[in-house]
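Worksheet: one structure, shown below.
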Amino acid sequence: MKIMKACGLVAAALFVLTSGYSLAADAPFEGRKKCSSCHKPQAQSWKHTAHAKAMESLKPNVKVEAKQKANLDPAKDYTQDKDCVGCHVDGFGQKGGYTIESPKKMLTGVGCESCHGPGRKFRGDHRKAGQAFEKSGKKSPRKALASKGQDFHFEERCSACHLNYEGSPWKDAKPPYTPFTPEVDAKYTFKFDEMVKDVKAMHEHYKLDGVFDGEPKFKFHDEFQANAKTAKKGK
């Protein structure tokens, strides 16, 4: 009887472990560490942006004046408020995304996957394309990555937070609305074509090797690359 009981406990433990692994493996959000391992200069630049510090603004007694203007309580800890957190992290409310109950550092802040899409399904192909280019100079089609979820436009992703308020020109606005509207302060007027070029919000752009070819291509891709920095080797 004791042996059977022990075997049952082992089986249960293995089921929990393997089920947990399966869920993790299927979760589309995997965190920015995987992206950063190759795109190191962009990741380093991102750390100094407003998006990287997005969760900091939800902490008590931070951004006091801005919260008061928006009729929020500056002393409240909004990092625990589900109506606020979603626009300050990656993948909130989605499989594998950030949760208030078990917050993950690599999903905290508005990171790679908030703009470019959840990476698990396309990141492997992205990496293999880079390896093929290094080996033989072979280019890979962007459409292959787009078909697996990489977003080459991401304007809608930005609008979902920055334009999600009552009376917004964005057609998909719905509760919970952001309290930071142009009526509260003109600085909250969001114009994607301008803001996407703000390196203080996004990140610096660096010369890419030209691994990918064809459409879909971000509308400012050529402009960004024409003015992009050249990353130092090994960084």
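Where a number appears in this text, it was derived from the coordinates with a stated rule and is not lab data. All figures in this text were calculated on a predicted structure; none of them were measured in a lab. Cβ atoms come from the backbone with ideal geometry, glycine included; neighbour counts cover every protein chain shown.
Along the Cα-to-Cβ line of D125, 7 Å from the Cα, sits a label point; which residues in segment 34-59 have backbone N less than 20 Å from it?
Only 34-36, 38-39 fall inside the zone, counting backbone N under 20 Å.
What is the magnitude of the charge dipole of segment 27-82 about its Cα centre, with +1 placed on the Cβ of each Lys and Arg, -1 on the Cβ of each Asp and Glu, and no other charges, expressed in debye to the nearest 20?
On the way: 12 positive and 6 negative charges, 49 e Å.
Charge dipole, segment 27-82, about its Cα centre: 240 debye, nearest 20.
Which of these, S136, S45, S168, has the largest mean-square fluctuation under a Gaussian network model of the chain (Cα springs below 10 Å)?
Looking only at S136, S45, S168, the biggest GNM fluctuation is shown by S136.
Want the number for E166 to E183: 0.36 nm per residue separation, take away the alpha-carbon distance, what's left?
5.1 nm
Show me the ranking of peptides 194-200, 110-116 by mean Cβ neighbours inside 10 Å, starting with the highest.
Result, highest mean Cβ count within 10 Å first: 110-116, 194-200.
Rank L145, L208, L58 by mean-square fluctuation in a GNM of the chain with C-alpha springs under 10 angstrom and give only the top-ranked residue.
L208
Please report the net charge: other residues with Cβ closer than 11 Å to the Cβ of A160, K and R +1, D and E -1.
Value of the local net charge: -1.
What helices does the chain have that are whole DSSP H segments, at least 27 Å long along their own axis by Cα, and with mean Kyte-Doolittle hydropathy of 1.0 or more?
Membrane-span-like by this rule: 2-26.
Which one of S147, V211, H162 has its Cα pushed farthest toward the positive end of the charge dipole of the chain, where Lys and Arg give +1 and Asp and Glu give -1 at the Cβ?
V211
Charges at C-beta only: +1 for Lys and Arg, -1 for Asp and Glu. How large is the resulting dipole of the chain about its Cα centre, in Debye rounded to 20?
Numbers: 42 positive and 29 negative charges, 267 e Å.
Using Cβ point charges on Lys, Arg, Asp and Glu, the chain gives about 1280 debye.
Report the relative contact order of the chain, percent, no decimals, based on alpha-carbon pairs under 8 angstrom and at least 6 residues apart.
Relative contact order, the chain: 21 percent.
Rounded to whole Å and sorted largest first, list the principal axis extents of the Cα atoms in the chain.
Computed over the chain, the largest-to-smallest principal extents equal 72, 54, 35 Å.
Using just the helices of the chain, give the 222 nm mean residue ellipticity in deg cm²/dmol: DSSP H runs with n ≥ 4 each add -39,500 (n - 2.57), and the total is spread over all residues, rounded to 500.
It comes out at -10500 deg cm²/dmol, rounded to the nearest 500.
Residue separation times 0.36 nm, minus the C-alpha to C-alpha distance between D213 and K104: what's the value?
35.9 nm
Taking 0.36 nm per intervening residue step and subtracting the Cα-Cα distance, what contour gain separates E65 from K229 on full extension?
Gain on extension, E65 to K229, equals 55.4 nm.
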